[in-house]
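The values are calculated or read from the model by the stated rules, or taken from the named source; none is laboratory data. Owing to the predicted nature of the structure, the values given are computational and were not obtained by experimental measurement. Counting neighbours? That spans all protein chains shown, and the Cβs are built from the backbone with ideal geometry, glycine included. The area values use the complete protein model at the heavy-atom level, side chains included, leaving out ligands, DNA and RNA. Shrake-Rupley method; radii C 1.70, N 1.55, O 1.52, S 1.80 Å.
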Amino acid sequence: QVQLVESGGGLVQAGGSLRLSCAASGSIRNINAMGWYRQAPGKQRELVALITSGGSINYADSVKGRFTISRDNAKNTVYLQMNSLKPEDTAVYYCNAQGVVVTDRGLVDFDSWGQGTQVTFSS
């Protein structure tokens, strides 16, 4: 019911930067939270950063001080600015959004995921 499209992934050198973007579309009444998760080969998916509609932010310890999450509520878009990238940041990054959509049956909660965008450390 809600589609998420990520962009901004790619190859990065040691200490480099990338900015990921995720735009949500659909009959959205409101988005309560948007966030970024990542999954490296052989590992479980983990939370990277989360931001609520009220502006509360949560970061994984491994990215604190290096990554910054922000949101444009009017555009239903979330961003992840990644600086000082390290090899261990290599993963597929997934956008997530939670909120409420309007359907022909009324209001329905949603929890949607994007297809993922690859961040790869170049060597």
What distance in nm separates the simple spin-label points at Val102 and Ala14, each placed 7 Å from Cα in the Cβ direction?
5.3 nm
Accessible area (Å², per residue) of region 28-115, counting only protein heavy atoms and a probe of 1.4 Å:
54 Å²
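Which order do Glu6, Glu88, Glu46 take by accessible area at a 1.4 Å probe, largest first?
Details: Glu6 25, Glu88 120, Glu46 75 Å².
The residues order as Glu88, Glu46, Glu6, largest area first.
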With a 1.4 Å probe and every protein chain kept in, tell me what percent of the accessible surface of the chain is carbon plus sulfur.
44 percent
If packing is taken as the mean number of other Cβ atoms within 10 Å per residue, what is the order of 31-40, 14-23, highest first?
31-40, 14-23
Given the protein chains as shown and a 1.4 Å probe, how many square angstrom of Phe110 are accessible, to the nearest 10?
20 Å²
Would you work out if region 55-108 is rounded, prolate or oblate? Take a ≥ b ≥ c from the square roots of the eigenvalues of the alpha-carbon gyration tensor; rounded if a/c is under 1.5, else prolate when a/b is larger than b/c, oblate otherwise.
prolate
DSSP beta bridges in the chain, what fraction antiparallel, as a percent rounded to 5?
95 percent
Which value, in nm² and rounded to one decimal, describes the direction-averaged projected area of the C-alpha convex hull of the chain?
7.4 nm²
What residue among Leu107, Leu85, Leu50 shows peak mean-square fluctuation when the chain is described by a Gaussian network model with Cα springs under 10 Å?
Leu107
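What's the extension gain from Asp109 to Arg45 if we count 0.36 nm per residue and subtract their Cα-Cα distance?
Values: separation 64, 0.36 × 64 = 23.04 nm, distance 2.25 nm.
Roughly 20.8 nm would be gained on extension.
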Please report the relative contact order for the chain, taking Cα pairs under 8 Å with a sequence separation of at least 6, and give it as a percent rounded to a whole number.
36 percent
